[in-house]
1. Can you tell me which residues in region 7-23 are at pLDDT 95 or above, crowded, with 21+ Cβ neighbours inside 10 Å and in contact with a helix residue (DSSP H, G or I) (Cβ under 6 Å, 6 or more places away or on another chain)?
2. Collect the residues in region 125-146 that are outside any loop (DSSP other than H, G, I, E, B) and either outside the structural domain of residue 107 (by TED's automatic domain parsing) or crowded, with 16+ Cβ neighbours inside 10 Å (or both), keeping them in residue-number order.
3. Is it the case that residue 149 is touching a residue at least 40 places away in the same chain (Cβ under 8 Å) and either buried (at least 16 other Cβ atoms within 10 Å of the Cβ) or within 27 Å of residue 61 (Cα to Cα) (or both)?
4. Looking only at region 152-167, count every residue that is surrounded by 13 or more Cβ atoms within 10 Å (Cβ to Cβ) and either without any contact (Cβ under 8 Å) to a residue 24 or more places away in the chain or not in a helix (DSSP H, G or I) (or both) and tell me the total.
5. From (1) surrounded by fewer than 19 Cβ atoms within 10 Å (Cβ to Cβ); (2) assigned by TED's automatic domain parsing to the domain that holds residue 181; (3) free of Cβ contacts under 8 Å to residues at least 40 places away in the same chain; (4) closer than 28 Å to residue 157 by Cβ, pick out the condition that doesn't hold for residue 114.
6. Determine which single condition residue 97 fails, assuming it passes every other condition in (1) surrounded by fewer than 20 Cβ atoms within 10 Å (Cβ to Cβ); (2) part of a helix (DSSP H, G or I).
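The values are calculated or read from the model by the stated rules, or taken from the named source; none is laboratory data. Only a predicted model underlies this, so the values are computations on that prediction, with no experimental measurement involved. Backbone-built Cβ (ideal geometry, glycine too); neighbour counts: all protein chains shown.
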């Protein structure tokens with residue numbers, strides 16, 4: 001299995017992200033607590049965010065629009081301009097926050113880049129994700145970078161055609177079974193799942209793809225080079 005390309009998800013696979021959304025959500029709820037109960041504010045924001053995905057897509061700017069919409073809806077339009085300004089400030093803080101790499105990222109990339117082409121496949125807004133990759137300090141490891149609206153079987157098939165690669169020579173690493181692993185397995189590629197400490201509920205699945213010989217789960221990214229070597233030996 002001399003994989004021609006090893007691809008990585010970005011958010012919460014290469015660097016920590018979900019905590020920013022959790023912290024902003026908590027601040028949003030506290031900001032509007034005089035208008036509604038915390039539980040209602042949180043659940044309505046979650047519902048609005050999911051509803052808006054098909055229109056606004058993924059990312060901080062989409063999340064900010066959902067916060068504003070939720071604030072207007074739940075306050076009956078009484079939310080103050082200053083409070084809307086604070087919501088915008090939450091988004092600004094998220095977009096300019098320090099990029100904190102996940103443990104073992106750089107040593108793992110150092111090993112893998114010596115023998116493989118590396119790729120980033122991430123969902124979201126390119127105007128957010130590309131600057132974040134640059135700020136991370138690891139952009140130079142990746143030959144290919146793709147920012148997509150959704151990670152479906154069709155998305156991956158299109159990306160593989162773009163780089164002229166057969167699925168069996170493609171390995172995807174990520175923290176979401178729904179987005180990073182299951183669609184790749186369906187195509188005949190390899191999927192390595194590394195659970196993150198925090199996972200957005202929208203990305204959760206009830207049944208992991210156990211029993212698939214192209215599916216593997218690791219505790220952390222530092223175990224990836226050894227698994228790749230093992231797969232190469234078994235193929236030889």
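1. 9, 14
2. Restricting attention to region 125-146, the residues satisfying the condition of being outside any loop (DSSP other than H, G, I, E, B) are 126-136, 139-141, 144-146.
Residues satisfying the conditions are 128, 129, 130, 132, 133, 136, 141, 145, 146.
3. Numbers: touching a residue at least 40 places away in the same chain (Cβ under 8 Å): yes; either buried (at least 16 other Cβ atoms within 10 Å of the Cβ) or within 27 Å of residue 61 (Cα to Cα) (or both): yes.
So residue 149 passes the test.
4. Restricting attention to region 152-167, the residues satisfying the condition of being surrounded by 13 or more Cβ atoms within 10 Å (Cβ to Cβ) are 152-153, 155-157, 159-160, 163, 165, 167.
Next cut, either without any contact (Cβ under 8 Å) to a residue 24 or more places away in the chain or not in a helix (DSSP H, G or I) (or both) only: 152, 165, 167.
Result for region 152-167: 3.
5. If we test residue 114 against (1) surrounded by fewer than 19 Cβ atoms within 10 Å (Cβ to Cβ); (2) assigned by TED's automatic domain parsing to the domain that holds residue 181; (3) free of Cβ contacts under 8 Å to residues at least 40 places away in the same chain; (4) closer than 28 Å to residue 157 by Cβ, just (4) comes out false.
6. Among (1) surrounded by fewer than 20 Cβ atoms within 10 Å (Cβ to Cβ); (2) part of a helix (DSSP H, G or I), residue 97 violates only (2).
Residue by residue, here is whether (1) within 19 Å of the chain's Cα centre (by Cα); (2) touching a residue at least 60 places away in the same chain (Cβ under 8 Å); (3) closer than 23 Å to residue 12 by Cα holds:
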position	(1), (2), (3)
34	no, no, no
40	no, no, no
44	no, no, no
54	yes, no, yes
59	yes, yes, yes
76	no, no, no
85	no, no, no
90	no, yes, yes
